[in-house]
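A.B. asks: Below are the structure tokens for one structure; questions will follow.
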Amino acid sequence: MKIIDYIALILVVIGAVNWGLIGFFKFDLVRVICGDMTLLARIVYAAVGISGLYAISYFGRLRND
């Protein structure tokens, strides 16, 4: 499970950086790299969203340590 945790964390960080770029500079890096709502861009957005939901489980695991 540890590899899934790292992948999820990397995707959450990518999402956070992208949202930061959108908020500060109105620059959507995923759109620039993958195109405007292409299938690839939608996959990236979906993977980031699923990773964010998965990362919620980190709270329960941190409490148990």
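A.B. asks: Quantify, in whole percent, the carbon and sulfur part of the accessible surface of the chain (1.4 Å probe; protein heavy atoms only).
C.D. replies: 75
A.B. asks: Give me the accessible area per residue for the stretch 1-59, probe 1.4 Å, as a whole number in Å².
C.D. replies: 76
The values are calculated or read from the model by the stated rules, or taken from the named source; none is laboratory data. Keep in mind the model is a prediction, meaning the values are calculated, not measured. Note: accessible area is taken over every heavy atom of the protein model, side chains too, but ligands, DNA and RNA are not part of it. Shrake-Rupley method; radii C 1.70, N 1.55, O 1.52, S 1.80 Å.
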